[in-house]
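Student: Quick one: structure below, then a few questions.
The values are calculated or read from the model by the stated rules, or taken from the named source; none is laboratory data. Bear in mind the structure is a predicted one, so any value in this text is a computation, not a measurement. Please note: Cβ atoms are built from the backbone with ideal geometry, for glycine as well, and neighbour counts cover all protein chains shown.
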Amino acid sequence: MNKQNIFFILILTIVLIVGLSMVVCASSNDSVSGLNISDNYDSALKDAKTQNKTVMVIFDQDSCSYCDQFKQETLSNSKVQEKLNSGFVPVVVDINKDYDLASKYKVLGTPTVVFLDANEKEIHRIDGYVDANGFLDEIKGI
C-alpha cells in the first residue's frame, strides 16, 4: 500500500468518526440529565398505566430555540425533575417525525406540553416556553 492510499484511508476514517459523533450528539439532544424521559410515546403510555402516573408529552422540533431553552433551563431544574420523576412519565415527540400525534393533540407550535391521563385524555396543556417556577405552578394540581 502506498503513502497516498494510507493518507486517503486516514482522512476517510477521520471524516467518518467526526460524522458519527455529530449524529450521536444530535440524537441525544432530547435527553435531559437527571430526568427519566423517553422518546417512545407508546412505551410512555404503557409505563404510565402500570405506574399509575400522568403522561407528559413534550412536543418539540429541531431548530426550536425555545424548546432547547425549555430543556436546558426548565427541565434541568432539580425541583422540576423531582416533581416529574415522582409523578409523571415524560416523553419527547418531534412534531416533524410524528405529525399524526401532533395533529391529534392540535399542536400549533413548539414547545407544547400536553398532560394525559391513562386513557390518553388531555387533562392540561402548556403552550410555549415557561421557566421552572412557572412550570411548577402550572403542574401543581395535576
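Student: Please go through the stretch 110-126 and pick out each residue that is under 15 Å from the mean Cα position of the chain (by Cα) and not aliphatic (A, V, I, L, M).
Tutor: THR110, PRO111, THR112, PHE115
Student: Restricting attention to the stretch 116-133, which residues are outside any loop (DSSP other than H, G, I, E, B) and in contact (Cβ under 8 Å) with a residue 12 or more places away in the chain?
Tutor: Passing the criteria: LEU116, GLU122, ILE123, HIS124, ARG125, ILE126, ASP127, ALA132.
Student: Between a first residue in the stretch 50-65 that is assigned to a helix (DSSP H, G or I) and a second residue that is buried (at least 19 other Cβ atoms within 10 Å of the Cβ), which pairs have beta carbons less than 7 Å apart while being 6 or more apart in sequence or on different chains?
Tutor: Here the result reads GLN51/VAL89, each pair linking the stretch 50-65 to a residue that is buried (at least 19 other Cβ atoms within 10 Å of the Cβ).
Residue-by-condition table, conditions (1) modelled with pLDDT under 90; (2) not in a loop (DSSP other than H, G, I, E, B):
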| position | (1), (2) |
| --- | --- |
| ASN5 | yes, yes |
| LEU16 | yes, yes |
| VAL23 | yes, yes |
| ASP47 | no, yes |
| ASN96 | no, no |
| VAL107 | no, no |
| VAL114 | no, yes |
